[in-house]
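The values are calculated or read from the model by the stated rules, or taken from the named source; none is laboratory data. These numbers were taken from a predicted model, which means no experiment stands behind them. Reconstructed Cβ throughout: ideal geometry from the backbone, glycine too, with neighbour counts over all protein chains shown. SASA here: full protein model, heavy atoms, side chains in, ligands and nucleic acids out. Shrake-Rupley method; radii C 1.70, N 1.55, O 1.52, S 1.80 Å.
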Amino acid sequence: MPVSGQREPQSVGGFGQRAAARRHRAARGPFPEHHGDGTRRRHRRVDSGRCRVRGRQSAAVRGGGPVACLFTASCVAELARHLPAAGSVATYSAQGLHPTVGFLVGWGYVFVEALVPALLLLQLGFTTAGTLHQEWSSYPADLWWPWSLLGAVVIALAGYFGVRASARFGTVLGVFEVLVFVVFAVLLIGQAGSDNTLSVFGTSHTADGFDGISGIFAGSVYTVLAFAGFEAAAPLAEETKNPRRTMRRAVLGAAVSIGLVYVLTTYAMSVYFGPDEFAGFGGSGAASWEGVARASFGLFWVLLFLAVVNSTVANANASANVSTRTAFALGRIGVFPRAFARLHPRRRSPVAGVAVQFVIAVGAALGLGFGYDPVTAFVLLATVIVTVIIGVYIVVNLACAGYFLRRRRDAFNPVLHLVFPVLGIAAFVPALLTAVGIPAFDFVSELSAPVSYAGPVVGVWMLIGIVVLAVLLRRHPERVAQTGRIHLDDDPAPAGQLGQEQCNDE
């Protein structure tokens, strides 16, 4: 997944384990490359030995995850319009289902969103180190951590200077990233010439063993991880002008626009590289975005590399905003430590949340990266994240139906508020089973260590959340009840100021 979604698992869940093993065993045939004279010649494929999201999906298979996410995006957009709150998915779940559900959704959501920057910092590190080593062999290929640390500092500074600075920073990075990949996609489509075909939108080119609908389910695990984050605007509702109007546009606009970019870029590389050969496409070497750019478009690979680096930083920045705002919302009502709700007097940024986010990102990236290796750490974190995020999306779909059926029957729309949630849930369940390695399908295998640790990690975190919830219900039940509170309805805060009101019951 080239843009805004460098949440790309090398191998995620049970499907990734089996696919990686199959790919490692398989003999690799040649792939077509373009060269400066415009002709094609056969070239040896470099096998990275790992299953990459880009390398296992045709344009059709890539459609599985985005379709599920689009249904969920519609639900989030509808809820965000009626419930503009920094708590976002936690607030929606509390209002649509029950405050205890809202607390547990917020507990899980803030956990994975705090881990996403670590995931992306790992990718920033090993991508930059690998490219520098390829250009200058004297640079150690395993010297990845300085780049990860530098990225963490940049993200922390953006968060400290407030949402306006952070949003502008993300916008500039995002525009550059999208422009580079769109231009590259157009070049690829032009070079493909007569090889352009709509057949890539069917299932006739899926990899061996992933025919038909099974390929859709398998590929959806990767696309969910790469696509996740379309709802990132929702936690910024209290820092936005006219949130009841703009939040819906922002969430739907993000989901649709990035979906179109994904389809365009995947189509372009599929027809250029060869749809029947796309199973061998990877994240490094000649059979990769950067490799194709190097071989066929001269120095354009430099822009492509910068766009990939840019993407990791932009997405990490967006995820840090989500985690700190969700922690702020939970701290404000007392279910998280009150320190998370304290704002910088001038910047109006949740400085405690920004500091904790920095520590978690650096600790997880460096700890797991040195404990295993950066790529293995990436896979482990990716599996944890996709497992929880799919669960959150399923609950939000339920909450959408529950909210409009129980609380807003006057605004109930059977398609938007019932059909779409049901379709979203139905599309996500197979992806969830595949991600956690539950062999409900023949292409899913059980996870092996250390990726298999993802399930216990998620289980332990949620168990801790249940214990905390039980304590709160016994001692401070009113705090849990406030999970569904819409603070803008109490005392609207000026745009750009995060939740001016602080709880006075400390």
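Things to note:
- Taking a ≥ b ≥ c as the square roots of the Cα gyration tensor eigenvalues, the range 370-475 comes out oblate, since a/c reaches at least 1.5 and a/b does not exceed b/c.
- Shape class for the range 273-423: oblate, because the ratio a/c of the largest to smallest gyration tensor axis (alpha-carbon atoms, square roots of eigenvalues) is 1.5 or more and b/c is at least a/b.
- Stretch gain in nm, segment Val415-Asp195, where the contour uses 0.36 nm per residue and the Cα spacing is subtracted: 75.3 nm
- Probe 1.4 Å, all protein chains present, accessible-area order of Ser194, Ser199, largest first: Ser194, Ser199
- Prolate/oblate/rounded call for the range 72-128, Cα gyration tensor, a/c under 1.5 rounded: prolate
- Sparse packing (at most 16 other Cβ atoms within 10 Å of the Cβ) combined with a DSSP loop state is found for the following chymotrypsin sites (Phe, Trp or Tyr not before Pro) in the range 365-401: Tyr372.
- A full extension of the chain between Leu157 and Val256 corresponds to an added length of 32.7 nm, given 0.36 nm per residue minus the alpha carbon distance.
- Per-residue SASA remark: Thr100, around 30 Å² accessible (1.4 Å probe; ligands, DNA and RNA not included).
- Take 134-142, 301-309 and order them by the average number of nearby Cβ atoms within 10 Å per residue, most first; the result is 301-309, 134-142.
- Per-residue SASA entry for Leu79, accessible area with 1.4 Å probe, Å² rounded to 10: 0
- The range 277-385 - accessible surface per residue (Å², probe 1.4 Å): 29
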